[in-house]
Structure formats: structure tokens, C-alpha cells
Amino acid sequence: QQQVKQSPQSLIVQKGGISIINCAYENTAFDYFPWYQQFPGKGPALLIAIRPDVSEKKEGRFTISFNKSAKQFSLHIMDSQPGDSATYFCAARIPVSSGSARQLTFGSGTQLTVLP
Amino acid sequence: DGGITQSPKYLFRKEGQNVTLSCEQNLNHDAMYWYRQDPGQGLRLIYYSQIVNDFQKGDIAEGYSVSREKKESFPLTVTSAQKNPTAFYLCASSNGQSTYEQYFGPGTRLTVT
């Protein structure tokens with residue numbers, strides 16, 4: 001049961017282009033939506049996160065757009081660089097008030113390749 | 001340097017053997033997690049532990065076991081009952097329940113033949 005659905009599975013972008021990765025969720029109780037970046041052979045690392053009461057968050061070339069009514073959020077990478085080539089995971093946080101300590105449920109991942 | 005260490009990086013086992021994957025953290029985090037990563041399936045939660053001597057099953061706990069005898073350590077045993085054990089295993093920790101940031105180790109790639 002995939003609580004967070006992520007697309008596309010893979011993405012190829014030219015250097016300088018915009019990379020867009022989309023995620024959708026059903027559980028309206030989720031209270032935080034982080035994105036993680038994973039380089040080959042490494043563990044994922046937190047990239048950027050957003051709360052559901054915010055429509056957009058920007059950190060450098062990375063922007064999260066959040067559409068609460070559509071239950072969708074997306075990661076935009078502006079001026080994509082070859083060094084951005086990695087696997088990106090969206091995630092959603094299960095609220096602490098639910099009594100669960102498991103915290104995060106992850107999307108299936110998007111493998112981004114930025115061509116030089 | 002603070003962080004999470006997993007050892008070994010690559011592990012090979014024969015079918016029918018149990019194998020234990022190591023995870024150690026020096027971040028003084030209370031919560032620790034084990035995930036399994038397979039191509040196209042994202043990160044699936046195997047087990048998690050909120051405090052020492054306590055742990056809960058995740059989504060795919062069958063065929064796995066864990067222990068949490070020390071705050072710093074959360075080893076995962078892949079038993080012979082796990083039908084498809086070949087995968088990339090990731091350990092993570094977080095500083096309590098209120099954060100959405102989990103710190104991941106470098107992973108262990110297990111191959112069972």
C-alpha cells in the first residue's frame with residue numbers, strides 16, 4: 001500500500017533545464033512533506049521540507065510547490081546541474097499525535113539524470 | 001564526526017543462513033529505523049525503535065528481527081525465513097518523534113545466493 005505516490009520513475013534533463021518531480025497523497029493527516037536526495041551508494045539525506053499550510057518553499061535552486069486541495073506536491077530543480085543527478089524521494093510525516101513513532105512514509109523514488 | 005555507521009558495505013551469504021547487519025550511531029538519537037530499498041519501490045520500513053529495549057514492526061517485518069539493547073546500536077538480523085533477502089539495507093536515526101529529518105547511514109548491500 002503506497003501512501004505517497006511519486007512520478008516519474010526516471011527523468012532525464014539537459015543541463016540548465018528544470019527538473020520536476022511530482023507526488024500525491026491520500027492521508028490528510030500527514031503534517032510535513034520532506035524531500036530526500038540520494039547519491040549512488042549512499043544513504044538519503046534531507047533536501048527540503050514543507051508544511052501543508054504553505055504553498056511554496058524555496059531553498060536555492062530547489063523549490064517545493066504544495067497544493068493542499070489536490071493533495072499533491074512537487075519538487076522543482078531550477079538550472080539543473082550534472083551534480084544534481086541522484087535519486088529523489090518524497091515523503092510524508094505521520095503526525096506524532098497519531099501515537100506512532102514511525103514518522104515517515106516514502107514515495108517510490110525518481111532517478112534524475114542531468115546531461116552535461 | 002557524528003553520524004551513522006553501517007557495516008559491512010557489501011555482504012554475501014548463502015541461502016538458508018541468518019545474517020546480522022550492524023548499525024551504530026553517535027548522534028545521541030532516541031529513535032532508530034531499518035529500511036529496505038529495492039529498485040522502483042522506494043524505502044520500505046522494516047522495524048523501528050523509539051527507545052532502548054523497545055521496537056515495533058514496520059511494513060515488511062516478516063523474516064527479520066532486531067534488538068535495541070543500547071541507545072547507539074540497532075542491529076538487524078535477516079533470517080532464513082525472509083524469502084527475498086537480496087537488497088540494499090539502510091539504517092536511520094532521528095532525534096525524537098517531533099522531527100521529520102532522519103539521518104541515514106551509507107547502507108549495506110546484501111546478496112544471498
Exercise. Bin by bin, in steps of 10 Å, what percent of the Cα pairs in chain A do you find, going until the bin that has the longest distance?
Worked result: 14, 48, 30, 7, 1
Problem set entry | Along each principal axis, Cα extent of the stretch B:14-73, largest first, Å | 32, 26, 19
Seminar exercise, completed: Dividing the alpha-carbon radius of gyration of the protein assembly as shown by 2.2 N^0.38 Å, where N counts its residues, gives 1.01
Problem set entry | Pairs from A:LYS5/B:LYS9; A:LYS5/A:LYS57; A:LYS42/A:LYS68 whose Cα-Cα separation, in the structure shown, is over 26 Å | A:LYS5/B:LYS9; A:LYS42/A:LYS68
For this session: Compute the relative contact order of chain B as a whole-number percentage, counting only Cα pairs closer than 8 Å that sit 6 or more residues apart in sequence.
Result: 35 percent
Seminar exercise, completed: Per-residue average of other protein chain Cβ atoms inside 10 Å, peptide B:43-54 -> 3
Exercise. Mean 1/r over all different Cα pairs, inverted: what Kirkwood radius does chain B give, in Å?
Worked result: 13.9 Å
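Partner chain Cβ atoms within 10 Å, averaged over the residues of B:29-42 - can you pull that number for me?
Mean partner-chain Cβ count within 10 Å for B:29-42: 3.
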For this session: Mind checking A:29-39 for the average number of partner chain beta-carbons within 10 Å of each residue's beta-carbon?
Result: 2
Exercise. Mean separation of Cα pairs under 8 Å and 6+ residues apart, divided by the residue count of chain A: what relative contact order is that in percent?
Worked result: 37 percent
Seminar exercise, completed: 1/(1 + (r/R0)^6) with r = Cβ-Cβ of A:ALA70 and B:PHE88, R0 = 41 Å, i.e. FRET efficiency to nearest 0.05, evaluates to 0.80
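No value in this document is a laboratory result; all are computed from the given coordinates. Treat the numbers as computed from the prediction; the structure is a model and nothing was measured. For neighbour counting, all protein chains shown are included, and Cβ atoms are generated from backbone atoms with ideal geometry for every residue, glycine included.
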